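A.B. asks: Pasting a structure below so you can have a look.
The values are calculated or read from the model by the stated rules, or taken from the named source; none is laboratory data. What you see is a predicted model, and the numbers here were worked out from it, not measured in a lab. Every residue, glycine among them, receives a Cβ derived from its backbone with ideal geometry; neighbour counts consider all protein chains shown. Surface accessibility is based on the protein's heavy atoms, side chains included, excluding ligands, DNA and RNA. Shrake-Rupley method; radii C 1.70, N 1.55, O 1.52, S 1.80 Å.
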Amino acid sequence: QVQLVESGGGLVQAGGSLRLSCAASGSIFSINAMNWYRQAPGKQRELVAGITRGGRTNYADSVKGRFTISGDNAENTVYLLMNSLKPEDTGVYYCNTKIPSGLGFSQMYWGQGTQVTVSS
């Protein structure tokens, strides 16, 4: 059982930056990786970036070189630094993690989402 709370979204002009935060609580010892997803209006939710507890990262091609995911294990927090923002980055950003629940199954956990709006 994990609770995820995102913060840091807002309105920014194209080319600007935002840093999102996701604080985890509960059974955090079970977390092996955390991810950021986003969902634009009328579009499917997509994976933006992920990070393991050991620090391995991955990014969607659309954000490579612009976004940086990082984690603070001591604070149970993951961050997404978004630079050079584009209007197409607009959407609701969600923090996510997957925790094994036994028998080969896993439980997905999501935060409430934080809105990011990038103006032209």
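A.B. asks: Which one of Thr97, Thr68 is of a type in the set (Val, Ile, Thr), out of contact with any helix residue (DSSP H, G or I) (no Cβ under 7 Å at 6 or more places or on another chain) and closer than 23 Å to Val12 by Cβ?
C.D. replies: Thr68
A.B. asks: Now a separate question. Across segment 6-42, which residue is least open to solvent (accessible area, probe 1.4 Å) among those that are outside any strand (DSSP E or B) and over 18 Å from Val63 (Cβ atoms)?
C.D. replies: Filtering segment 6-42 for residues that are outside any strand (DSSP E or B) and over 18 Å from Val63 (Cβ atoms), the one least open to solvent (accessible area, probe 1.4 Å) comes out as Ile31.
A.B. asks: Now a separate question. With at pLDDT below 95 and farther than 21 Å from Val5 by Cα as the only criterion, which of Gly71, Gly65, Gly104, Gly55 stands out?
C.D. replies: The unique qualifying residue is Gly104.
A.B. asks: How many residues are surrounded by fewer than 18 Cβ atoms within 10 Å (Cβ to Cβ), more than 21 Å from Gly55 (Cβ to Cβ) and not hydroxyl-bearing (Ser, Thr, Tyr) if we restrict to segment 80-112?
C.D. replies: 11
A.B. asks: Still on this structure, I have one more. If a residue counts only when it is closer than 17 Å to Ser25 by Cβ and either of a type in the set (Gly, Ala, Ser) or under 11 Å from the mean Cα position of the chain (by Cα) (or both), which strands (runs of 3 or more DSSP E) contained entirely in segment 46-120 have at least 2 such residues?
C.D. replies: 77-82, 91-102
A.B. asks: A further question follows. Between a first residue in segment 91-103 that is on the phi > 0 side of the Ramachandran plot and a second residue that is open to solvent by 40 Å² or more (accessible area, probe 1.4 Å), which pairs have beta carbons less than 7 Å apart while being 6 or more apart in sequence or on different chains?
C.D. replies: Cβ pairs passing all conditions: Gly91/Gln39.
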